[in-house]
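Encoded as structure tokens, the structure appears first; notes follow it.
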Amino acid sequence: MRRRLRRLQPRSLRARLVLGATLLATSAVLLCQAAGLVVLHTWLTDQVDGRLSRFRPVVQPGQDVVGGGTTAGQADRNDDALPSDYRVYFYDSGGHRMARSLGGDEGGAGPRLPSSESALGLRNGRPGTFAGADGGSAWRVIARSGADGTRMVVALPLEEVDEATVRMLWFSLAVGVAVAAGVVLFGSLVVRMGLRPLAGVERTARRIADGELELCVPDRHGVTEVGHLSRALNTMLDRLRTALHRAEASEQRLRHFLADAGHELRTPLTSLQGFAELLVQEPDMSPERRHEAQQLIVRNAERMSRLVDSLSQLAKLGDVPATRWQPVDLLSLAADSIAAVAVRYPDRSFGLGALTDTEGDPDEAELDVVDALGDPHQLTQILFNLLTNACVHTPPGTHVRVRVGTLRIRPNGPGTDGDGRAGGTPPLAPGTPVCVIEVADDGTGLAASDARHVFERFYRAGSAPRAAAGSGLGLAIASSAAEAHGGRLELDIRPGEGCTFRLLLPYRPGAGSPEHLGADAPPTLSAPAAGLS
């Protein structure tokens, strides 16, 4: 049964709206007409009751008509005195109905009254309704008591009331049918016009579903529901397009990454395989050549191990839980990193200074403690990679300077992609307080075309043959680690004057506050290059 009802239900929204409006309008009209019908019937019945209450017959129960002795002349006068639609009946003092009555023809139609007065069930002055004797219209009846114990019953037919009620009923049905037809006709037109904007949204959505992803839903309906729906769909489409573009870009980067990783692993793997086969195929090889081959095998194995470790670290960056973070003294971190790198590159000179917003020689500025919140191991590796990168890509005798301080992000200043600046992570919002570690060198610098890709994985600057010794993952790892800390790694380039790598970390007063600040946030530098070279 439920399935049949579901099949009968209209499936389109337009048909449902028209059907609902038709049912509501028709029901409202029929209810109003039914209420009017009840009021009309009650009012007409009250009119009959009023006539009965006001009626006083000339003939009384004690006259000869009761006993059956009325003369012909008296009967004529009595019939003339009684209106034709009235009927008067009498009950004697014993409660029996008398044979004679007043009004109408003998044996004519009248109310079906009981033969005994006790079965009548009427109170004096209280009207009642009785069925017609011939099965016709009902009668309205009222009873009065006489002085000698008799009772007189006066009746009026309800034929006119029933006819008026029936006419009103047919009129109500006709009005209901007309209203239903009008609602179906004009309601369909109104619903069609009202749903026209929604139909346009539907057509656009179908085109988008068919592959036209660059389309937008037209928004020409202001504050209407369709307008709200259009704006919501456009917002959803924008996010969907952004997600699709990101997915495509991520897939493309993954393909390039896998291709680069395979290329990087192929070279040492080929060397390993070649020297291993050489040792197997030439068992009588001289000890010198055998030792040389074994050294090359070990060297290529170490290169593969470093490359695999770097790839594993890239995959794990960002998964370090916040509970492992702790306050880190960036000044001590910089000093320890310089000491570790200086041993490996004795032909480079290193300096440690303060990042300051005052004029004068930055190397003479007073060093101060700068605390940041993060993972000490990752921050140490970032700084170690930056120092190693500065040493590998600069000639002997190059001076490398490390500066530590605090500043606020300003438009076109550090932390943003201003002129001559490239970042491996998104720019920071202006006004953000940050802790800074800078690693600057006075080498030959980088071209702008190389600076835009220096943070990409496996990228090597084509103009620097000495870069071929690395895997191209050091700066990518450092940039990902900075992003995992909520910070940024960026590069300032000045062709022919060296490079400046800058690590910016969120400033958190709870992690430690420099004495020169005296507030919850560091001061703003007067110039973006203050204290830099």
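Read-outs: derived from the displayed coordinates by stated rules, not from any lab. Just so we're clear, the structure is a prediction, and the values are computed from it rather than from any experiment. Cβ atoms come from the backbone with ideal geometry, glycine included; neighbour counts cover every protein chain shown.
Taking a Cβ cut-off of under 10 Å around PRO111, the surrounding Lys, Arg, Asp and Glu residues balance to a net charge of +3, with basic ones at +1 and acidic ones at -1.
Using the Cβ-Cβ distance between LEU169 and ASP219 with R0 = 56 Å, the FRET efficiency computed as 1/(1 + (r/R0)^6) comes to roughly 0.60.
Taking a ≥ b ≥ c as the square roots of the eigenvalues of the Cα gyration tensor of the stretch 117-255, is the shape rounded (a/c under 1.5), prolate (a/b larger than b/c) or oblate?
Working: a/c = 6.66, a/b = 4.40, b/c = 1.52.
Since a/c reaches 1.5 and a/b is larger than b/c, the shape of the stretch 117-255 is classed as prolate.
Computed from the C-beta positions of LEU279 and HIS377 and an R0 of 56 Å, the FRET efficiency is 0.90 to the nearest 0.05.
Give me the extension gain from ARG16 to SER145: residue separation times 0.36 nm, minus the current Cα-Cα distance, reported in nm with one decimal.
On the way: separation 129, 0.36 × 129 = 46.44 nm, distance 6.39 nm.
Net length gain for the segment: 40.0 nm.
Remark: the ALA249-LEU189 segment gains 16.7 nm on full extension, using 0.36 nm per residue and subtracting the alpha carbon distance. Placing unit charges on the Cβ atoms only, positive for Lys and Arg and negative for Asp and Glu, gives the stretch 119-222 a dipole magnitude near 280 debye about its Cα centre.
Here's the picture: a label point sits 7 Å out from the Cα of LEU367 along the beta-carbon direction, and within the stretch 390-413 the residues with their amide nitrogen under 17 Å of it are 400-406.
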